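Take a look at the structure below.
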Amino acid sequence: MQHGVVGKIAGGLQPDALVRRKLAFTVGWPPVAVAQVEGEIEFESMIAMFGGNLGPALLDAGKRFGCGDVGDAGRMVEPVLGNLERCREAEDGPTALDRGDPAGGERQAIAYALHVVEDRDAGIARTQEVRVQRMHAGLGLDSAGGGHECLPGYLSAEHALAIRMGTTAPEDIEFDLFEVEEVQKCVDCGLGHVFNLPHRHVPAHRCCRLRVARETRVRCMAQNFPEGFRWGTATAAHQVEGGNWNNDWWAWEHAEGSPCEEPSGDAVDQWHLYEQDIALCAALGFDNYRFSIEWSRIEPEPGLFSRAALDHYRRVCAACHAHGMEPVVTFHHFTTPRWVVAEGGWHTASTVDRFLRFSEVAVGALGDLIGRACTINEPNIVAMIGYQMAFFPPGVSDLDQYRRATDNFIDAHQRVVPILRGGPGDFPVGLTLSMADHQAVPADDPDALSTLDALRRDMEDQYLDVCTGDDFLGVQTYSRTRVGPKGVIGGEPGYDILEMGYEFYPEALEACIRRAWDYTGGAIPLLVTENGIGTHDDDQRRRYVTTALEGVLACLSDGIDVRGYTYWSLLDNFEWCFGYRPRFGIIDVDRSTQRRIVKPSGEWLGRVARANALIE
Ligand code: BGC
């Protein structure tokens, strides 16, 4: 990133990223820089200028960037130009761009065009999407810097940025306070230029000009997160504490024929080392730490509550506060006391009552120190993998029990919310739900789509249906799930398969945030309470998180209320049936000495957290 002044922008915006790119047509004909376009040009004449080659060029460009669905160049051009045309017609009227479009359609059209240009181009940051925020006046974009180095679409501002064209000469647009990134590489695609088509009535002396109506706010995706955005890391008791012998997972790890690769044992001994883990987390730059309290320690026998265990968790919460971090406390993270399971487990209604009683006692002891509470972690996963796939305890494959367990989890969540809200303390309470980017294959196959709907109904919708009255919804996403007509299918050739058996697909986070938001009608704030990757390749981790965070930024710039990002996990730890093999941590642990070693990805993510911006 090179800092430089390219002009000035009025309005006192903070320094921000501005990508300045060279644009040149290099597809299908000798390169023609946009700068060579002079005079008043209509779209038709522009096509003519390129010898009628625009369509095939777009097609080539699309293929080249791997956009299979570009297929028909006409379809690509139409949504962009169609909108422009509509605006021209209604130049003097308000809200011109919206006419005939579903809300946001014009934005999509522009964003799509940009996406095609950029998505596969390694030299260009992904998804610098133009966001048309308001339609009540005109959209103006200009090349400001002049020539072929076009600014449109690459202004990055924390706030919506209004550039008035037609009334403001390009020379008068001030662009200082921006950072300028020189991208040496040309974008080998003509499509970006469609976006910059000159307007019939606008002198196109600088040519990179799009005039749509009189004034429109254009907001490009900022690299900054909003003020107050929360940054955290997460763990769960059984995965880090060690010695949790009194729960169903320990029993499962040691059962004959267990699918577990190894037992949890001492884990990473966080029971004793919590203070240094919390200090490390804070020192890296995070402002919250999510951990779970272990029911089987707090209530080792029915109705017998351990003051010592509760005091331990008070100390954990206090340590977070002492290090300036908010304690985010999960009340149930996969493990259930052995005695509860002996009485039936989650497919039995009495488990709900047991859980509520435990939660009431626990919140009574800890509530004044809690910063945020998560009720039940991924009940959908516990139910599905424990009661259908027989891979988690109780290790059965029984549809009836699965349904009952699901109902009980939903019931437990709904009933525990008011108990936790009852305090002491006053903190937000919500569910943390496992979500996947479900994709039908083929995308428009009706059977695949109905299979996908049924799966999603089971795994997500029935939980989303009951959480809108909560204080937040925790979105937890790791990858996508491809669904064919008959059910879940494997990864797509060409995509890396991770140690967990699913694809490297960090884009899933954005899709899941959008789905949670759409499905709940924006009724509830979202938090990413888990996202991460199990890998031995720390660079891959950073790539994964970068893409995931770009997705969060895209959601934010669309107005989705995402309030924080929590990386799973602070430490390499016990990954359930997979044992200690997958490495999700940003901190490595040498389990022979329990020594912690911060990974480069941890240092980096800490810097991102401190900067509250997606930085290098
Ligand atoms: C769980 C964690 C787990 C992580 C990575 C989430 O589903 O909440 O306990 O370690 O995924 O697999």
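General remarks:
- Matching strands (runs of 3 or more DSSP E) fully within the stretch 463-561 where at least 3 residues are more than 22 Å from THR235 (Cβ to Cβ) and away from the ligand (no atom under 16 Å from the Cβ): 480-484, 487-489
- Residues that are in a loop (DSSP other than H, G, I, E, B) and either of a type in the set (Lys, Arg) or within 26 Å of PHE225 (Cβ to Cβ) (or both) within the stretch 562-583 comprise SER569, LEU570, ARG581, ARG583, listed in sequence order.
- For the stretch 568-582, the set of residues classified as more than 11 Å from the ligand (Cβ to nearest atom) and surrounded by fewer than 24 Cβ atoms within 10 Å (Cβ to Cβ) consists of GLY579, TYR580, ARG581, listed by residue number.
- Annotation: of all residues in the stretch 244-281 being of a type in the set (S, T, N, Q) and not in a loop (DSSP other than H, G, I, E, B), the one that is surrounded by the fewest Cβ atoms within 10 Å (Cβ to Cβ) is GLN276.
- Here ALA362 fulfils each of the conditions (1) more than 16 Å from the ligand (Cβ to nearest atom); (2) assigned to a strand (DSSP E or B); (3) not acidic (Asp, Glu) apart from (2).
- Counting only residues that are in contact with a helix residue (DSSP H, G or I) (Cβ under 8 Å, 6 or more places away or on another chain) and either more than 23 Å from ASP588 (Cα to Cα) or surrounded by fewer than 20 Cβ atoms within 10 Å (Cβ to Cβ) (or both), the stretch 509-538 holds 12 of them.
- Residue within the stretch 338-353 that is under 20 Å from ILE410 (Cα atoms), touching a strand residue (DSSP E or B) at 6+ places or on another chain (Cβ under 9 Å) and buried (at least 24 other Cβ atoms within 10 Å of the Cβ) present: no
- Taking the listed residues GLY395, GLY430, the one that is among the small types (Gly, Ala, Ser), in contact (Cβ under 8 Å) with a residue 60 or more places away in the chain and within 16 Å of the ligand (Cβ to nearest atom) is GLY430, with no other qualifying.
- All positions within the stretch 234-291 that are in contact with a helix residue (DSSP H, G or I) (Cβ under 7 Å, 6 or more places away or on another chain), closer than 24 Å to PRO302 by Cβ and of a type outside the set (Gly, Ala, Ser): HIS238, GLU241, ASN244, ASN246, ASN247, ASP248, TRP249
- For the stretch 235-249, residues that are within 19 Å of ARG591 (Cα to Cα) and within 15 Å of the ligand (Cβ to nearest atom) total 8.
- Contacts under 6 angstrom Cβ, first residue in the stretch 511-529 being within 27 Å of PHE286 (Cα to Cα), partner of a type in the set (Gly, Ala, Ser), 6 or more apart: LEU526/ALA516; LEU527/GLY474; LEU527/GLY564; THR529/GLY474
- Residue satisfying all of: in the stretch 463-494; in contact with a strand residue (DSSP E or B) (Cβ under 9 Å, 6 or more places away or on another chain) and of a type in the set (Val, Ile, Thr); surrounded by the most Cβ atoms within 10 Å (Cβ to Cβ) among these: THR477
- Screening TRP568 on (1) more than 21 Å from MET325 (Cα to Cα); (2) in contact (Cβ under 8 Å) with a residue 60 or more places away in the chain; (3) in contact with a Gly (Cβ under 8 Å, 6 or more places away or on another chain) shows it passes everything except condition (1).
- The set of residues in the stretch 374-430 that are outside any helix (DSSP H, G or I), of a type in the set (S, T, N, Q) and crowded, with 21+ Cβ neighbours inside 10 Å comprises THR375, ASN377.
- Top-ranked residue of the stretch 286-303 - restricted to ones that are without any contact (Cβ under 8 Å) to a residue 60 or more places away in the chain and in a loop (DSSP other than H, G, I, E, B), ranked as surrounded by the most Cβ atoms within 10 Å (Cβ to Cβ): GLU294
- Within the stretch 584-616, the set of residues being in a loop (DSSP other than H, G, I, E, B) and either among the aliphatic types (A, V, I, L, M) or within 11 Å of the ligand (Cβ to nearest atom) (or both) comprises PHE584, GLY585, ILE586, LEU614, ILE615.
- Cβ-Cβ distances below 6 Å connect the following pairs, each with a first residue in the stretch 436-449 that is within 18 Å of TYR519 (Cα to Cα), a second residue that is among the polar types (S, T, N, Q), and a separation of six or more residues or different chains: ALA436/THR481; HIS438/THR481.
- Candidate set: the stretch 326-338, residues that are more than 16 Å from the ligand (Cβ to nearest atom) and in contact (Cβ under 8 Å) with a residue 60 or more places away in the chain; chosen: the one farthest from TRP250 (Cα to Cα): GLU326
Every number in this text was worked out from the coordinates using simple rules, so none of it is lab data. For clarity, every value in this text was computed on a predicted model and none was experimentally measured. Using ideal geometry, Cβ is built from the backbone for each residue, glycine included, and neighbour counts are taken over all protein chains shown.
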